[in-house]
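What follows draws every value from the coordinates through simple rules; no lab data is involved. Note that this is a predicted model, so its numbers are computed, not measured. Cβ sites come from the backbone with ideal geometry, for glycine too, and all protein chains shown count toward neighbours.
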Amino acid sequence: MSPELAFVILIIAIALVFDYINGFHDAANSVATIVATRVLTPFQAVLWAAFFNFISAFSFGTGVASTVGQGFVNLSVVTPYVILAGLLGAIIWNLITWWFGLPSSSSHALLGGYAGAAMARVTGMSGFSRSLEAVRMGDLTSGVMGTLLFIVLAPVIGLLLAYILMILVYWIFQHSSPRTMDYYFRKLQLVSAALFSYSHGTNDAQKTMGIITGVLVTSGYLEDFIVPTWVIFAAHGAIGLGTLSGGWRIIHTMGSRLTRLKPRGGFCAETAAAISVLFATNLHMPVSTTHVIAGAIAGVGSINRFKAVRWGIATNILWAWVLTIPASAAISWISFVVIRMIFPNA
């Protein structure tokens, strides 16, 4: 085995580790509401979520993978070392936020890390003033601009849909007792949790596919940016195993500290979030499932009264979101500088 091939295999392995960490970091997104409403135990919930994470491999194509791999950063400045530094930045930031129990976005950590490492390489070649040439700014439907738009748009869609669904539920069941409503929605939550886990897999696993395919293209093992079948199944397998491992610190924050949920609220939050994520996936946009489900939970919590949402906790979550892209980019930038000290040709 040549050193070049060994290095590519190492980066692919690290990408799958990121995907695994993404799974257990974002397990809270898929199962927080169904655990909070006591429909399933934590172990049953992550098993349910992991299954639907994996079977989402059979749908929705690889549009998000293409956006991440070649639509966000200029491939002309990308090397396997850039991708390695980007992955390190995303993984380190994910572990930091996991340790503090903050549901930051694995998706935006990856995008920030990827961009930060690419900008560091351009800076090393042409100076800091030209660092932005590393990224594709795009428009409102692509590139950096499209991603930044969906940072705001995706959770807002989740919040509004959840609010509307709660109004519809109360109108349809206006003559039913809370006990009757809970009886039906405890069963319906199994469906909504499955739908959200499915949407989570369709969007998040594709981000790792994009990174791995980018490695294969920039190292010369692929001529065109076409995601191989084995990459699809490897990415979905890794994220499914990560979800199965759970992320209990973040589950606690999302499932009980942000607002108190009943089965009907959990159903509306998961359904609204799934619709928002599937909508973005259909547009080939990488979005944060963390952002979306948190927005949906806030929408459900505010239907009775504004103070039902613990806005202090929500503010901490918001700060984690705001910091994710610049923080992961900075960590990746530093990682690339260190890598370049070891490998001057990086």
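Amide H contacts of residue 73 (H built 1.01 Å from N, in plane; Pro and chain starts excluded): 136 sit under 5 Å, all sequence-distant by 5 or more or on other chains.
Per the Kirkwood treatment, what hydrodynamic radius in Å, one decimal, follows for segment 146-194 from the mean inverse distance over all distinct Cα pairs?
On the way: mean 1/r = 0.0787 Å⁻¹.
Across segment 146-194, the inverse of the average 1/r is 12.7 Å.
The value given for segment 120-241 is a Kirkwood hydrodynamic radius of 18.8 Å, derived from the mean inverse Cα-Cα separation. A protection proxy built from the mean count of other Cβ atoms within 10 Å ranks the segments 125-136, 64-75, 159-170, most packed first, as 64-75, 159-170, 125-136.
Rank 22, 94, 282 by mean-square fluctuation in a GNM of the chain with C-alpha springs under 10 angstrom and give only the top-ranked residue. Ranking 22, 94, 282 by mean-square fluctuation puts 282 first.
Once C-alpha pairs closer than 8 Å and six or more residues apart are averaged by separation and normalised to the residue number of the chain, the relative contact order reads 37 percent. Helix 178-218 and the long axis of the chain differ in direction by around 10°, with both axes built from C-alpha atoms.
Can you give the local net charge around residue 227? Use residues other than it whose beta-carbon is closer than 15 angstrom to its beta-carbon, Lys and Arg +1, Asp and Glu -1. Around residue 227, the surrounding residues sum to -3. A helix-only calculation puts the chain at -24500 deg cm²/dmol for mean residue ellipticity at 222 nm, using -39500 (n - 2.57) for each DSSP H run of at least four residues, averaged over all residues.
May I ask for the equivalent-ellipsoid semi-axes of segment 1-124, computed as the square root of five times each C-alpha gyration tensor eigenvalue and listed largest first in whole Å?
Working: eigenvalues 185, 55, 40 Å².
Output for segment 1-124: semi-axes of 30, 17, 14 Å.
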